[in-house]
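Here's the structure, in structure tokens; my notes come after.
Each reported figure results from applying straightforward, stated rules to the coordinates on display, with no laboratory input. Only a predicted model underlies this, so the values are computations on that prediction, with no experimental measurement involved. Cβ placement follows ideal geometry from the backbone for every residue including glycine, while neighbour counts extend to all protein chains displayed.
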Amino acid sequence: MIRNPTPEKISLLTTLVLSLIFSSVLLYFKIPLLAFLIALFTFGTLTFIVILFGLELFIYRKIKLIYKTIHHFKTSSIKAPNYIDNYNLDPIKRVNEEVLEWANDQKREISQLKAAEEFRKDFLGNVSHELKTPIFNIQGYIETLLDGAMNDDEVKEKFLRKAASSAERLNTLVNDLLDISKMESGSLRLNIRDFDICELCKEVFDSYSKPASDKQIKLKIKEGCDEPFWVMADKDRVRQVLNNLIGNSISYGNENGTTNVGFYDMDDQYLIEVSDDGDGIEPEHLPRLFERFYRTDKSRSRNSGGTGLGLSIVKHIIEAHQQTINVRSTIGKGTTFGFTLKKSDKVTR
């Protein structure tokens, strides 16, 4: 077997074989030695040239063309790259490697497309389900009113309030979907500026004072953290993050519990942690917690008005700041969400 076959090697081997046959014929006819050598040399040279020319013209150049075509398919090149000189280095082996690599790339791409198609189906199914719930509720309340409940002032007010609540939930879902679409398409624009995140957290506490009071949950800044912590970020988007995390801590926290927010110095970043002392989250749910529409307790989430998009939006916002978010939880003790933000250059603590 020829190692690393090239046209020259193949031509040489073929010439040697044919020369042996030719020399055997000459010896059989007892040609004089000088004439024998001249004839053998001439035959060998002409045979080598003819075979080499044939391989180059009919086989080798076609292999080069195949290699070039495959390379263009892989790289989507318009102009031919400067790799023609390398064709002389075992093109058959290189073509084989390129074909195998190209085939593997196609398999990976097909797998990715199948996964994307499954994701699209799941997403559309989830969106349809989430949209139908408030729409059907609104439709039911209105039909009940039209069927005669309008004459009862107490029932009329009750059903109108429920219809308004469902309409608000529908509006929230649509806004969340628009946010997700912007974030995933890369069109989300951040308004980066300096602000005190501790002060922002207190503002979010004020906005959640009523639902926290209803469940007798205390909203607290951890001891030693009640002072300015200046960060560089989009204040409105970080407010959205805190709204989601603090709102979740109240929704899933136990009555008479506590929601704590702490701030920790991490060199050029601050770590912000939102903790509750609720029931905690099962370990198998943690890796998927930031997926769209993923719920650990579907019935409870819908009853609390959640869209299933909040944590996914939170993750996208933090990653848009080129920062990270994580979660840890212990059953029976509670859950802690932590995310980082860049320190402000204006204020150094």
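Before moving on, here are some points about what is shown:
- Environment charge at I217 (Cβ cut-off 14 Å; Lys +1, Arg +1, Asp -1, Glu -1): -1
- Put in line by how crowded their Cβ is, counting other Cβ atoms within 10 Å and starting with the fewest, M266, M232 read M266, M232.
- Mean Cβ neighbour count within 10 Å, used as a protection proxy, ranking 236-243, 211-218 highest first: 236-243, 211-218
- Near I325: Cβ cut-off under 12 Å, other residues only, Lys/Arg at +1 and Asp/Glu at -1. The net charge is 0.
- With a cut-off of 10 Å between beta carbons, the residues surrounding D226 carry a summed charge of +1, where Lys and Arg count +1 and Asp and Glu -1.
- Under 28 Å between alpha carbons - lysine pairs in region 167-279 that sit 8 or more apart or on different chains: 14
- Amide hydrogen proximity for N254: with H placed 1.01 Å from N in the peptide plane, the residues at 5 or more positions away or on another chain lying under 5 Å are D277, G278, D279.
- Of interest is the spacing of the C-alpha centroids, which for region 201-216 and region 224-265 amounts to 11 Å.
- With the simple spin-label model, which puts each label point 7 Å out from Cα in the Cβ direction, the V155 to K114 separation comes to 5.5 nm.
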